[in-house]
1. I'd like the full set of residues that are surrounded by fewer than 16 Cβ atoms within 10 Å (Cβ to Cβ) and over 17 Å from C54 (Cα atoms), limited to segment 12-21.
2. So, in segment 92-133, exactly how many residues are within 16 Å of the ligand (Cβ to nearest atom) and in contact with a Gly (Cβ under 7 Å, 6 or more places away or on another chain)?
3. Any residue in segment 106-127 that's over 28 Å from R186 (Cβ atoms): show its pairings with residues that are within 12 Å of the ligand (Cβ to nearest atom) and charged (D, E, K, R) at Cβ separation under 8 Å, as long as the two are six or more apart or on different chains.
4. Is it fair to say V35 is part of a strand (DSSP E or B), surrounded by 17 or more Cβ atoms within 10 Å (Cβ to Cβ) and β-branched (V, I, T)?
5. List every residue pair whose Cβ atoms lie under 6 Å apart, where the two residues are 6 or more positions apart in sequence or sit on different chains, the first residue falls within segment 16-36 and is more than 15 Å from the ligand (Cβ to nearest atom), and the second residue, located anywhere, is not in a helix (DSSP H, G or I) and not small (G, A, S).
6. Give the residues of segment 135-155 that are in a strand (DSSP E or B) and in contact with a strand residue (DSSP E or B) (Cβ under 7 Å, 6 or more places away or on another chain), sorted by residue number.
7. Six or more apart or on different chains, Cβ under 8 Å: which pairs go from a residue in segment 73-91 that's within 15 Å of V120 (Cβ to Cβ) and away from the ligand (no atom under 16 Å from the Cβ) to one that's in a loop (DSSP other than H, G, I, E, B) and of a type in the set (D, E, K, R)? Could you list them?
Amino acid sequence: MPTPFARLVARVQACRACPRMEGRARVLGPANGRVPAAVLFVAEAPGRLGADRCGVPLAGDQTGRAFATLLRAAGLDRAAVFVTNAVLCNPRDARGRNARPTAAEIANCTAHLRATLEAVRPRYVAALGQVALAALARVAPHGAVLARDVGRPLPWHGGWLVPLYHPGPRARIHRPLARQLDDFRRLGQLVAPRRCRVRGRALGAPQRDRAAPVRDAVAGGASSSSGWSTAT
Ligand code: SF4
């Protein structure tokens with residue numbers, strides 16, 4: 001009996017909703033990460049030289065190398081998290097370069113993103129950039145503003161939404177690497193606060209009213225109390 005995630009992967013591999021994506025890889029499968037996982041990252045789209053070639057999101061190109069550095073700063077093991085994109089295929093412009101996904105393509109892929117969240121059931125959803133935040137707002141409204149809320153855990157859809165900047169070179173204009181490293185360290189402390197305790201106090205832990213879900217996450221990992229239904 002196929003799992004809900006396996007059924008989702010089969011639907012995605014057969015998806016032909018976006019004409020511009022013909023001939024591109026559908027980047028969703030076991031290589032995206034652990035199912036279930038306590039932490040799920042959502043980026044923008046597979047890259048031409050990265051995920052579209054190697055089938056692994058945020059891997060195989062400059063952006064992938066930056067993401068690996070940021071994950072290390074957070075103390076997170078790639079094998080323990082799940083990584084996906086707002087759109088699951090690589091959008092390109094007329095000259096064959098990486099392009100931003102259109103609003104219609106993001107809308108077409110929203111059902112896949114929603115089903116991914118339901119299958120992975122993360123406690124923390126880290127949105128990497130504006131496009132990811134916009135795509136997640138289509139799943140459930142959140143009101144987050146990247147420049148204002150970067151690194152802050154916001155209650156969202158039964159778990160926590162953490163807005164972060166995209167690891168690609170374009171985002172460095174708005175958030176230098178040193179600041180992004182701090183953001184990811186903060187995420188790591190949030191996800192596993194016990195590693196960072198000083199005299200019993202967790203560094204970087206959410207405010208008092210936000211402490212209970214963090215304790216639950218440490219105690220239970222990606223527990224079924226995250227609020228995601230298991231139906232797809
Ligand atoms: S981007 Fe998403 S909706 Fe569009 S063809 Fe690819 S899988 Fe389907």
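Read the figures in this text as sums done on the coordinates, not as results from a lab. Source: prediction; values computed, not measured. Glycine gets a Cβ as well: all are built from the backbone with ideal geometry, and neighbour counts include every protein chain shown.
1. Let us first name the residues in segment 12-21 that are surrounded by fewer than 16 Cβ atoms within 10 Å (Cβ to Cβ), namely 13-14, 16-17, 19.
Listed by number, the residues that qualify are A14, R16, A17, P19.
2. 1
3. Going by the 8 Å Cβ cut-off, the qualifying pairs are H112/R11; A115/R11.
4. Details: part of a strand (DSSP E or B): no; surrounded by 17 or more Cβ atoms within 10 Å (Cβ to Cβ): yes; β-branched (V, I, T): yes.
Taking the combined requirement at face value, the residue does not satisfy it.
5. A31/V56; G33/V81; G33/F82; G33/V83; R34/F82; P36/R121
6. Taking segment 135-155 first, the residues in a strand (DSSP E or B) are 154-155.
Within segment 135-155, just L154 meets the criteria.
7. Note: pairs meeting the criteria are A79/R34; A80/R34; V81/R34; F82/R34.
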